[in-house]
Structures are given as C-alpha cells and as structure tokens.
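Everything below concerns the one structure shown next.
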Amino acid sequence: MDIKEITSRLRELQMEIPAGVRLVAVSKFQPIEYLQEAYLCGQRHFGESRVQEFLEKYPQMPKDTKWHFIGHLQTNKLRQIIGKTYLIESIDSERLLALVDEESRKKEIITNVLLQVHIAIEETKFGFSPEEVKEYFLKKKYEQLTNTHICGLMAMASNTDEEMQVRREFTSVSKLYNEIAEVISPELRGFDTISMGMSGDWPIAVEEGATEIRVGSSIFGERG
Ligand SMILES: *Cc1c(COP(=O)(O)O)cnc(C)c1O
C-alpha cells in the first residue's frame with residue numbers, strides 16, 4: 001500500500017468518528033513506517049497484540065505514543081510490557097489481573113486496564129463471560145487491587161455479516177457496562193471506557209455506545 005494513503009484514510013476516519021470516541025489505530029503486523037506516518041498525521045493511540053512485536057516497535061516511536069495492548073497476554077510475558085502501556089485492554093482472567101497488580105506494585109506504578117468480555121458466538125475468543133464480569137463487581141473484588149485501575153470493558157463482536165447479531169452483542173456490552181457503572185458499583189471512579197468496534201463494524205459499535213474503537217485494516221490496509 002502507498003504510505004500516503006494512510007494519511008487520507010486516517011483523516012477520513014477521524015472526520016467520521018463522533019467527538020468523544022477515541023480511535024485506536026491497530027498496527028499489529030504493520031511496518032513501523034506506517035505507524036510513524038499515522039503519528040505525523042496526529043494519531044497517538046496505537047494497538048498491538050503481540051508482546052515481541054510491541055517491544056520492537058515501542059522504542060522506535062515517540063515518547064508520547066499511547067500504546068494499547070489488545071492481544072491475549074500470556075502470564076509469563078506480562079512483566080515485559082508493564083509500565084510501557086497506556087491501557088491493557090485484554091485482561092481475560094482474574095489470575096492475569098492479579099499478576100498485573102503484583103507487577104505494577106513491584107514497579108510502583110498504576111496500570112490501567114479493561115476487562116475483556118466474551119460476547120461472540122465463536123468459542124475461540126478469550127475473555128470473561130458477562131456473568132463473570134458482573135460477579136466480579138458484585139463481590140467488589142476490585143477492592144483487592146492496589147496498583148491496577150479498571151477503566152472499563154473491551155469486547156469483540158462475532159465475525160459475521162449479520163448486522164442484527166453484531167448489534168445485539170454490542171448492546172449487551174453497553175447494558176453490562178451501564179449496570180456496573182450505575183447499579184452495581186456506582187462508587188467506581190474513572191470507569192468510563194467501552195472499547196468495541198473494528199474496521200468492519202465500528203459504526204454499529206458507536207451507535208451502541210462505544211467510547212473507543214479499534215481500527216486496523218481500514219487505516220493500514222490488509223495485514224501482511
Ligand atoms: C486486529 C484487531 C482489531 C482490528 O481489526 P481490523 O479488522 O483490522 O480493524 C481490533 N481489535 C482487536 C482485539 C484485534 O485483535
């Protein structure tokens with residue numbers, strides 16, 4: 001893909017997205033030149049899904065780049081990314097959450113995370129079930145965390161052309177979020193993020209309440 005194309009695609013997207021919705025440019029599998037081009041165009045939030053790739057790109061981007069980790073995180077690789085992320089969106093187990101907290105405590109930092117909710121029909125996708133998330137907050141387990149801040153929820157819809165299905169899934173995330181924020185744990189501070197929607201379905205996600213979308217191929221082209 002012509003690198004200049006990134007600028008026009010990004011500009012177009014930024015104009016389409018309503019104010020107040022954050023755009024994360026998903027740059028996994030894309031060359032560093034593409035990220036740098038997007039950065040020059042004003043993009044600051046980038047999403048990566050593999051630890052090794054993230055660690056290679058991290059030092060090659062300006063310090064104010066805001067890195068979102070969005071891939072499944074193996075516990076043995078967690079330590080390497082703690083302190084380098086703006087937001088870890090793919091917390092998919094209490095064990096992982098406890099480890100993030102422990103590593104953050106050792107480094108004396110606060111790590112911002114999202115809980116990944118499994119809503120899609122595919123079984124391969126990681127995440128808490130909606131019931132597990134609800135129970136987590138009902139039991140106020142977050143009170144055990146000393147160095148981790150839960151900022152909200154992240155989800156991926158089913159990979160299907162059936163718009164109604166996708167919309168239903170996004171609606172269920174918003175409902176879950178609202179129930180937590182308004183009924184179960186209204187005392188939570190900074191619980192303000194619903195990350196959902198990708199290249200193929202972000203307009204639906206925004207209509208259903210997303211505060212952040214994660215878009216890759218619509219900006220950078222198909223992944224090599
Ligand atoms: C790859 C990926 C995206 C972006 O997907 P596109 O279809 O390229 O926009 C968004 N979220 C997650 C979790 C991903 O792994």
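Rule-based calculations on the coordinates, nothing more; no lab input. Since the model is a prediction, treat every value here as computed from it, not as a measurement. Cβ sites come from the backbone with ideal geometry, for glycine too, and all protein chains shown count toward neighbours.
For the reader, a short list of remarks on this structure follows.
- Pairs where the first residue, in the range 205-223, is part of a loop (DSSP other than H, G, I, E, B) and the second is polar (S, T, N, Q) and near the ligand (Cβ under 7 Å from one of its atoms), C-beta under 7 Å, 6+ apart: 216/199; 223/217
- Number of residues in the range 188-203 that are away from the ligand (no atom under 13 Å from the Cβ) and either of a type in the set (S, T, N, Q) or in contact (Cβ under 8 Å) with a residue 12 or more places away in the chain (or both): the value is 6.
- Positions within the range 151-169 being in a strand (DSSP E or B) and of a type in the set (A, V, I, L, M), in sequence order: 153, 154, 155, 156
- Test: residue in the range 27-35 that is aromatic (Phe, Trp, Tyr) and closer than 21 Å to residue 192 by Cβ: no
- Condition check for residue 70: farther than 22 Å from residue 215 by Cβ and of a type outside the set (S, T, N, Q): no
- Subset of the range 53-91 (residues that are touching a His at 6+ places or on another chain (Cβ under 7 Å) and either closer than 18 Å to residue 118 by Cβ or touching a residue at least 60 places away in the same chain (Cβ under 8 Å) (or both)): 68, 87, 89, 90
- Among the residues of the range 204-224, the ones that are away from the ligand (no atom under 14 Å from the Cβ) and crowded, with 24+ Cβ neighbours inside 10 Å come to 0 in all.
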